[in-house]
Amino acid sequence: MKKILTLSAIALLTLNTNVANANWEKPTLVYGSGLSASQKEEVTDLLGTSESKVNQKVTTSKDVETYLNVSGTSNSNLYSSTLVTKTNKTGVDVNIKTPNNITKITEKQYANAAITAGAKNVTIDVASPIKVTGESALTGVYIALESNGEKLDKKRTLVAQQELETVNEIAVANQGKGTFNNESLDLAVTEVKEELAKHKGKATEETVRNIVNTSLKSNGISDVVTQEQIDKLVTFAKSYQETDAISSEEVAKQLNTFKDETKKYISENYGGLWEKTKTAVGDFFESIWKAISNIFS
């Protein structure tokens with residue numbers, strides 16, 4: 001009986017997974033509408049695939065307006081392209097295949113915002129044949145998701161864009177300052193989202209501000225981020241808690257995976273940096289104290 005129940009549970013899980021992925025017969029490649037025929041071929045090669053292996057879509061200015069509420073974008077200016085692949089792994093993984101040409105947005109910024117918008121269990125590859133900011137690439141992700149039957153809430157895609165712009169602006173402004181690094185900010189934003197979920201969308205502005213400040217402090221960047229930047233994070237956080245992402249178990253799972261991966265990245269790439277900084281500051285003041293003591297002695 002136990003074996004039968006176990007096999008039944010496995011079969012049900014497999015069935016649910018197959019139903020969820022039923023529309024994803026192939027990965028979906030969404031080209032920027034500004035690409036020439038030769039540039040499309042180049043992008044396809046950069047993404048390591050071929051047209052026969054993917055479903056093809058195109059990002060247009062109308063899509064940018066629909067998902068991001070940004071009007072006036074020209075089709076000829078859209079070059080960022082995305083390859084979205086459904087996986088059975090919890091989380092959103094982003095790989096920028098042309099890092100020299102995506103000049104503004106980082107992989108983790110893409111991933112965190114995509115989770116806010118409703119992406120789940122996908123790998124997102126981004127490429128452009130020329131230098132672009134990369135801000136429109138998320139539009140391609142949304143097109144891929146909805147073309148495969150995954151309905152998105154426009155309110156969440158707009159808040160995701162607000163998140164992307166806010167986090168990127170703060171990251172660029174503080175690059176190279178003190179112990180600041182992009183990933184610590186990404187982690188702080190993730191913790192803000194998780195903490196807001198505990199309040200079920202009812203956190204007051206004071207509570208939201210305390211959550212933001214605590215998250216920045218726990219990640220060692222509160223002394224770098226300015227008050228104006230904190231205000232922008234608070235504004236984003238208030239918008240975020242007004243979406244249904246705040247109560248989504250799926251979002252909670254994606255965020256937990258993202259948080260673990262980001263912590264691992266920070267440990268591997270910045271391990272000991274904060275402690276080294278504190279030690280250096282301590283040594284500096286100790287040297288000053290010794291110098292003063294020597295003068296009087």
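The values are calculated or read from the model by the stated rules, or taken from the named source; none is laboratory data. For clarity, every value in this text was computed on a predicted model and none was experimentally measured. Here the Cβ is made from the backbone with ideal geometry for all residues, glycine too, and neighbour counts use every protein chain on show.
Below is a table of values for the structure above.
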quantity	calculated
Candidates Thr66, Thr59, Thr49, filtered to the one that is at pLDDT 95 or above and touching a helix residue (DSSP H, G or I) at 6+ places or on another chain (Cβ under 9 Å)	Thr59
Exclusive hit being among the charged types (D, E, K, R) and farther than 25 Å from Ser267 by Cβ, set Glu205, Glu183	Glu205
Residue in segment 260-275 that is of a type in the set (Gly, Ala, Ser), at pLDDT below 95 and part of a helix (DSSP H, G or I) present	yes
Ala252 vs. criteria buried (at least 22 other Cβ atoms within 10 Å of the Cβ) and either under 14 Å from Asn112 (Cα atoms) or acidic (Asp, Glu) (or both)	no
Residue count for segment 43-78, restricted to those that are farther than 27 Å from Leu164 by Cα and not in a loop (DSSP other than H, G, I, E, B)	4
Cross-chain or 6+ apart pairs with Cβ under 6 Å, segment 61-89 first and on the phi > 0 side of the Ramachandran plot and in contact (Cβ under 8 Å) with a residue 24 or more places away in the chain, then polar (S, T, N, Q) and assigned to a helix (DSSP H, G or I)	none
Only listed residue being under 24 Å from Leu196 (Cα atoms), touching a residue at least 24 places away in the same chain (Cβ under 8 Å), of a type outside the set (Lys, Arg) and assigned to a helix (DSSP H, G or I), chosen from Thr116, Thr139	Thr116
Qualifying positions in segment 177-228 - in contact (Cβ under 8 Å) with a residue 60 or more places away in the chain and not β-branched (Val, Ile, Thr)	Gly178, Asn181, Asn182, Glu183, Ser184, Asp186, Leu187, Glu191, Lys193, Glu194
Check on Val94, without any contact (Cβ under 8 Å) to a residue 40 or more places away in the chain and either in a helix (DSSP H, G or I) or crowded, with 23+ Cβ neighbours inside 10 Å (or both)	yes
Test: Asn88 is within 23 Å of the chain's Cα centre (by Cα), at pLDDT below 95, under 27 Å from Glu249 (Cα atoms) and not in a helix (DSSP H, G or I)	yes
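Matching residues to (1) β-branched (Val, Ile, Thr); (2) touching an Asp or Glu at 6+ places or on another chain (Cβ under 9 Å):
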{"residue": "Ala127", "(1), (2)": "no, yes"}
{"residue": "Ala137", "(1), (2)": "no, no"}
{"residue": "Ile143", "(1), (2)": "yes, yes"}
{"residue": "Asp186", "(1), (2)": "no, no"}
{"residue": "Asn213", "(1), (2)": "no, no"}
{"residue": "Lys217", "(1), (2)": "no, yes"}
{"residue": "Ile221", "(1), (2)": "yes, no"}
{"residue": "Gln227", "(1), (2)": "no, no"}
